[in-house]
Amino acid sequence: MDFLNKAISQVADLFRSMTPGARITAGLLLGLLVVSLVWLVGQKGSGPDDYLLGGQQFSSGEVNAMEQAFGKAGLDGYTLEGNRIRVPRGQRAAFMGAIADAGALPSDFGAALRKTLAEGGPFITTREREERLKVALQEELALWIRSMPGIEKAAVAYDVKKTGGLKNETLATASVSVKAVGNIPLDESRVRGIGHMVASAISELKPENVVVTDLVSGQSHRLSGDGVGGDNSLFELRKKYEEDFSRLVKNALGYVPGAQIAINVELDTEARRQVKTLEFDKVNSATVHSEETTQDESRDTAGPGGVPGARSNTSASANTGQTVSTTPGNSSTLAKSSASQTIAPGGMQSTSEHLGLQPKRVTASISVPKSYFVRLWRERNGIDESQKVDENQVAAIETARIQEMRQLIAGLLPVSDPQDPMKPGTIMAFDDFPPAELPEPSVATGVLAWLGSYWSTLGMVFLGMFALLMLRSTVRGAAASVAEPDTSTALPATIPFPTASEPDKEEAAKDKEAKKPAARILKRREPGVSLKDELTELIREDPDGAAAILRSWIGSAG
């Protein structure tokens, strides 16, 4: 404590000894130094290191609305990091209040529907209520789509109308416009998911009446009844099969780093075919019904008779009687029989149905980097990279490994060549060159980058050091001016004093040297104080010092 008290006392004495101008300059420099230190210490605490709403990601429309709210409220200092907003930690409440006052808070699920139901009064018509609910549902569906990962913008528009007529059917159509983050086209699975979600939210809407438009590629995808998206369903189905087979092959060859895989699928374009086959078996035939009929038939024929010769045709013989022969005739019996039999043929009847749009031929083109085989050869033989590569041994390993890969993927792909079932495609090795090394940044580049990040902090440090140097020079100047008496202003050189002899001069010089360590520090004469009063006060306080000064003056005057 004694040291502290002495230091405070010395500083106070030094400050009292300064001129008014020096005091003002020292006070300004000290204040600047304090402000600089406070700014440096508080820079991190007040920097943009806090995310709005816990780091929630916003859509581009929500970010634009928030920036407009910040501009109206006069708030600055925030930064955009992708779809998130960082604000100064101490001003988070102000930023939240600004977006809340402007109504720019992100919408929550169901907010649009709740708002529509709350605003609808008892005096609106049924038609108006339906239109309001329709708009609210469109906004809600767009919010659902924007909440999906990788989706930046989304808009939904749908319409429902009745066709009229005897059937009085209802027709519903929907159009969905979607933009992915980073200008990446939508994949087919994402299109199907969005289309089915929209179709499920509207009762009258069928999936085939939903059109999803990719705002990045400009392509429109229409869902079909089987869930296949796209204007060309065959193309989309082929793409889906290729993706599935490619994923299988990549998983199987995951141990090969740098392998390039391409799958080609040929589809059976016949949609559907039904075949019925009937095969007969005579040996295994069975008699279902058998019938046999027998019938006897008898016949009788007359014998010969009458007078032999020609009979006369005279009148005399007109009434002549005839003699009838009594010789017996012939009799016969005929037997008839018939049989019928119903036989059920043996055999088998089968019906086969062929569903088309299936992979008819699948081939794979696989490229493996040669560095993989070289590294495998080195590991097997324990050879480091400094030794030369044996091309023959590497080629043998390459042939064996390619054959193993061909056998591996043959079980994953449909048989492409009936003559060679183990030939799923082409597998070859390619020369891979090491990527060019990026040049390391130079020292000058690093220094410039560092200065670009911390130039404000360095500026404040240099400013504080400059303030300290100025304060030090000011204090030294004030101390020097106090330590050295200003005789020109204290006493004029024109004051008449009696001349002194040579011995008196020598004596005065000796007295001056003797009294020099104990010489009194003369203060500057204050305005309005006469020289006589100052000399009187000097003699009263230090007679010996005053005498020494007078002797020096007398000696200099002589």
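The values are calculated or read from the model by the stated rules, or taken from the named source; none is laboratory data. What you see is a predicted model, and the numbers here were worked out from it, not measured in a lab. With ideal geometry, Cβ positions are generated from the backbone for all residues, glycine too; neighbour counts draw on all protein chains shown. Note: areas computed on protein heavy atoms with side chains; ligands, DNA, RNA excluded. Shrake-Rupley method; radii C 1.70, N 1.55, O 1.52, S 1.80 Å.
Measuring between alpha carbons in the structure, the pairs from Lys239/Lys370; Lys153/Lys206; Lys134/Lys162; Lys134/Lys161 lying more than 19 angstrom apart are Lys239/Lys370; Lys153/Lys206. A cut-off of 5 Å between modelled amide H atoms, ignoring neighbours fewer than 5 places along the same chain, links Ile85 with Leu52. Counting only protein heavy atoms and using a 1.4 Å probe, the accessible area of Phe430 comes to about 60 Å².
Counting other C-beta atoms within 10 Å, and keeping those with at most 10, which DSSP coil trypsin sites (Lys or Arg not before Pro) do you find in region 83-134?
Numbers: sites: Arg84, Arg86, Arg89, Arg92, Arg114, Lys115, Arg127, Arg129, Arg132, Lys134; in loops: none.
Answer by residue number: there is no such site.
Couplings for region 97-106, taken from phi via the Karplus curve 6.51 cos²θ - 1.76 cosθ + 1.60 with θ = phi - 60°, read x, 5, 6, 6, 5, 7, x, 9, 5, x Hz in order; Gly and Pro are left as x.
Temperature 10 °C, viscosity 1.306 mPa s: under these conditions the Stokes-Einstein estimate for region 146-221, based on its Kirkwood radius over C-alpha pairs, is 121 µm² per second.
For region 369-417, with every protein chain kept in place, what is the accessible area per residue (1.4 Å probe, Å²)? Mind showing how you got there, number by number?
Details: 3070 Å² over 49 residues.
Averaged over the residues of region 369-417, the accessible area is 63 Å².
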